[in-house]
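Participant: First the structure, which I've put down as structure tokens, then a few questions once you've had a look.
Every read-out reported here was derived from the displayed coordinates using simple, explicitly stated rules and does not represent laboratory data. A quick note: this is a predicted structure, and the numbers were derived from the prediction, not measured.
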Amino acid sequence: MISRFGKVMIYVNDPRAAADFWVGKIGFIEVGAEQYEGGILSVELTPDLSSDASIVLFDRGVVERMSPELHLGTPSILFMSPDAREMRETLMRRGVTVGETAERGGSITFNFSDPEGNYFAVQEIKK
């Protein structure tokens, strides 16, 4: 049985460049990197060291060759923030492509893109 939710794999063209974006622009923390035979790199990141979940960036090309039957599209991920508007403004100042904010039912959301054109959503959640 599944006991908890742990990691989300995100397949990218350049795991190191993607990790630099997530750390430098989004504010994630790198908690691990593994170098496999043949120079294959995976990088694990988390928004906070107390978080139960993390993302793992892995080389898309390697997976395409090893397991061509797998779906390699970016998963639809909804991140949570205590202040979505402030986060959006911060990302804009850092040069990140962001979408407009939307407010529905008292919930504020927006999306942002990584340098490879993958989009992710952020929803405000009050503590």
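Participant: Translational D (Stokes-Einstein, µm²/s) of the stretch 36-109 at 25 °C and 0.890 mPa s when Rh comes from the Kirkwood sum over C-alpha pairs?
Facilitator: Diffusion coefficient, whole number: 157 µm²/s.
Participant: Right, another one. Within the P(r) computed for the chain, what percentage of the Cα pairs occupies the region above 26 Å?
Facilitator: Cα-Cα pairs in the chain separated by more than 26 Å: 24 percent.
Participant: What is the projected area of the convex hull of the Cα atoms of the stretch 1-73, averaged over all directions, in nm²?
Facilitator: The orientation-averaged projected area of the Cα hull of the stretch 1-73 comes to 5.8 nm².
Participant: Moving on to the next point. Let me know the volume per residue of the alpha-carbon convex hull for the stretch 76-127, in Å³.
Facilitator: 70 Å³
Participant: In degrees between 0 and 90, to the nearest 10, how far off the longest principal axis of the chain does helix 84-93 point, with axes built from Cα atoms?
Facilitator: It works out to around 60 degrees.
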